[in-house]
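Below is one structure; the comments refer to it alone.
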Amino acid sequence: MRRADLGDADCGIAQALGVLGDWWTFLIVREIAGGTTRFDAMQRELGVSRRALTERLAGLVEHGVLHRRPYSVHPPRHDYLLTGKGEALLPVLVALQDWGTRHVMGDGALTATADADSAETRRVHRLVGRRVPELVLRRHDGGEEPPAAPGRWTVLYLFPGAFAPGSQGLPPTWGEIPGAAGCTLESRTYADRHDHFRAAGAEVRGVSTQRQDQLCAFAEHARLPYPLLSDEDGRLAAGLLLPTFRAGGAVRFKRLTLLVDPESVVRAVQFPVTDPAGSVDEMLDQVRRRATR
């Protein structure tokens, strides 16, 4: 459906759908956010016809959602990359993922965890072998860096939300959401084991969808010796289709830990995490087995 076919010129939803067209377009944006940027690779991953993919890529370029970056002159070949306008779609993808998991695949209950035999858990464990997308996130101290430390093993623990006393309150009904509590305990346990992770050859990074100033307040309160990273814009969440839930008016990560190798490839996944402190020692054992080989 073309943009001109949608009669309500004053409705943002109608006009957005005029650009996005159909469900193939959302899946194309999903693949590009995850690092699949070349035509043949996208066509293989999606199973869409070459003609349909060509038409939709051209439409997204025309509307400024994507831009093309040449990587070959003879023959001419391009990477398709998200523009700023395209990156603004990522929270929409995250919201769709959350809605589908909770209301289509689940029973509608609000939870910060998952059943061990659920479709969501199977999807998350299929991250093993996936490369972390090339992006940078804002550190709690205001700097920027990629999620995975270049050339190093990295433990990325993703948490729902950590709050410094006196600076901000917990979201409403936080303690009633299964799996939400435990972020301070998990973060402090990683802090206590930080020297052991370093000795085993791995860096530790905490990642949340919270704002940088919120993470800064918590990192200073908890005296964390490693950086916390903000995925407030949902780039990492959309790139890896990470499990999320919504609470306190914000999208938040379900508790999840990834072990990433020096080439930024995921090698181990902890999900669901039901014991925030115990999972740290389990991950330390994983690091010692893998990083010291």
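Observations
- Subset of region 110-155 [surrounded by fewer than 17 Cβ atoms within 10 Å (Cβ to Cβ), within 27 Å of Gln214 (Cα to Cα) and of a type in the set (Gly, Ala, Ser)]: Gly142, Gly143
- Single condition Glu220 does not satisfy, out of (1) in a helix (DSSP H, G or I); (2) within 21 Å of the chain's Cα centre (by Cα); (3) farther than 29 Å from His103 by Cβ: (2)
- When region 223-233 is filtered for residues that are open to solvent by 10 Å² or more (accessible area, probe 1.4 Å) and either modelled with pLDDT under 95 or of a type in the set (Asp, Glu) (or both), the ones remaining, listed by number, are Glu232, Asp233.
- Under the condition of being assigned to a helix (DSSP H, G or I), out of contact with any Phe, Trp or Tyr (no Cβ under 8 Å at 6 or more places or on another chain) and either open to solvent by 50 Å² or more (accessible area, probe 1.4 Å) or not β-branched (Val, Ile, Thr) (or both), the residues counted in region 185-195 number 4.
- Checking each residue in region 156-176 for being in a loop (DSSP other than H, G, I, E, B) and open to solvent by 10 Å² or more (accessible area, probe 1.4 Å) picks out Phe163, Pro165, Gly166, Ser167, Gln168, Gly169, Leu170, Pro171, Pro172, Thr173.
- Pairing residues of region 232-260 that are free of Cβ contacts under 8 Å to residues at least 60 places away in the same chain and under 21 Å from Val273 (Cα atoms) with residues that are part of a strand (DSSP E or B) and aliphatic (A, V, I, L, M), at Cβ distances under 7 Å and at least 6 apart in sequence or on separate chains, gives no pairs at all.
- Within this structure, Arg255 fails the test of being open to solvent by 10 Å² or more (accessible area, probe 1.4 Å), among the basic types (Lys, Arg) and within 18 Å of Pro147 (Cα to Cα).
The values are calculated or read from the model by the stated rules, or taken from the named source; none is laboratory data. Small disclaimer: the values here were computed from a predicted structure and weren't measured. Positions of Cβ are generated from backbone atoms using ideal geometry, with glycine treated the same way; all protein chains shown enter the neighbour counts. Just the protein is used for accessible areas: all its heavy atoms, side chains included, with ligands, DNA and RNA removed. Shrake-Rupley method; radii C 1.70, N 1.55, O 1.52, S 1.80 Å.
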